[in-house]
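My questions all concern the structure below.
The values are calculated or read from the model by the stated rules, or taken from the named source; none is laboratory data. Bear in mind the structure is a predicted one, so any value in this text is a computation, not a measurement. In this analysis, Cβ positions are derived from the backbone assuming ideal geometry, glycine residues included, and neighbour counts consider all displayed protein chains.
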Amino acid sequence: MKKIDELGAGVAVIIFNDENQVLLQKRTDVGLWGIPSGHIEIGETVSEAAIREVKEEANLDIRIKKLIGIYSDPSSQVFEYPNGQVVHFITTCFLAEITGGDLKCNSNESLDIKFFDQQNLPQDLLKMHPRWLEDALCDQELAFIR
């Protein structure tokens, strides 16, 4: 395993539209598609961070529906940024619904943002995100701990 520089607290938010398509953003930092996600800021809760990140990245207001899972396995949660920094994220992933706003690329962190059919996801998807999506689609009440 690579030397890890930092441990980070993150959030991810899975959002489906009325056609059951999933919202993905193309990130500027690595040029890959992924579920809207980001860092928890000092002084905010995980749900506040999730709501803020979606507003910043997609211009959407959301309501958290449920906790999908907490992800900490280094095999999927260690992320290397283009500048060489390696971060081990502990990510809280939520399922949310849209309550307002108009979808638009609203951040310098996103190259693009749009909904995709679940059977037609982009090939250049961040490595940990298919697991999060699979868990969101699983008909299980309890949250996953992975």
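Considering only residues of segment 53-64 that are under 21 Å from residue 90 (Cβ atoms) and among the charged types (D, E, K, R), which is surrounded by the most Cβ atoms within 10 Å (Cβ to Cβ)?
Looking at the filtered set, the residue picked out is 53.
Ok, one more. Mind counting the residues in segment 37-77 that are in a loop (DSSP other than H, G, I, E, B) and either among the charged types (D, E, K, R) or over 19 Å from residue 114 (Cβ atoms) (or both)?
8
Can I ask one more? Only one residue in 38, 43, 31 is under 23 Å from residue 123 (Cα atoms) and more than 14 Å from the chain's Cα centre (by Cα), so which one is that?
Answer to the check: 31.
Could you please find all residues in segment 108-133 being at pLDDT 90 or above and either in contact with a helix residue (DSSP H, G or I) (Cβ under 6 Å, 6 or more places away or on another chain) or charged (D, E, K, R) (or both)?
112, 113, 114, 117, 124
Any idea which residue in segment 102-119 is nearest to residue 33 (Cα to Cα), counting only those that are out of contact with any Ser or Thr (no Cβ under 8 Å at 6 or more places or on another chain) and among the hydrophobic types (A, V, I, L, M, F, W, C)?
Out of the qualifying residues, it is 113.
Do you know which of the residues in segment 132-146 that are over 11 Å from the mean Cα position of the chain (by Cα) and closer than 19 Å to residue 22 by Cα is surrounded by the fewest Cβ atoms within 10 Å (Cβ to Cβ)?
Among those residues, the one meeting the criterion is 139.
Out of all the residues in segment 79-99, is one or more among the β-branched types (Val, Ile, Thr) and touching a Pro at 6+ places or on another chain (Cβ under 7 Å)?
Within segment 79-99, none of the residues are among the β-branched types (Val, Ile, Thr) and touching a Pro at 6+ places or on another chain (Cβ under 7 Å).
Quick check on segment 23-47: of everything there that is more than 18 Å from residue 104 (Cα to Cα) and in contact with a strand residue (DSSP E or B) (Cβ under 9 Å, 6 or more places away or on another chain), which residue is surrounded by the most Cβ atoms within 10 Å (Cβ to Cβ)?
Checked segment 23-47; the qualifying residue surrounded by the most Cβ atoms within 10 Å (Cβ to Cβ) is 40.
Looking only at segment 3-18, which residues are closer than 19 Å to residue 94 by Cα and either in contact (Cβ under 8 Å) with a residue 12 or more places away in the chain or surrounded by 12 or more Cβ atoms within 10 Å (Cβ to Cβ) (or both)?
8, 9, 10, 11, 12, 13, 14, 15, 16, 17
Six or more apart or on different chains, Cβ under 6 Å: which pairs go from a residue in segment 118-140 that's touching a residue at least 12 places away in the same chain (Cβ under 8 Å) to one that's surrounded by 13 or more Cβ atoms within 10 Å (Cβ to Cβ) and assigned to a helix (DSSP H, G or I)? Could you list them?
128/76
Another one. For segment 73-115, name all the residues that are surrounded by 15 or more Cβ atoms within 10 Å (Cβ to Cβ) and polar (S, T, N, Q).
Listed by number, the residues that qualify are 76, 77, 91, 92, 106, 107, 110.
So, of the residues in segment 78-104 that are in contact (Cβ under 8 Å) with a residue 12 or more places away in the chain and in a loop (DSSP other than H, G, I, E, B), which turns out to be farthest from residue 9 (Cα to Cα)?
102
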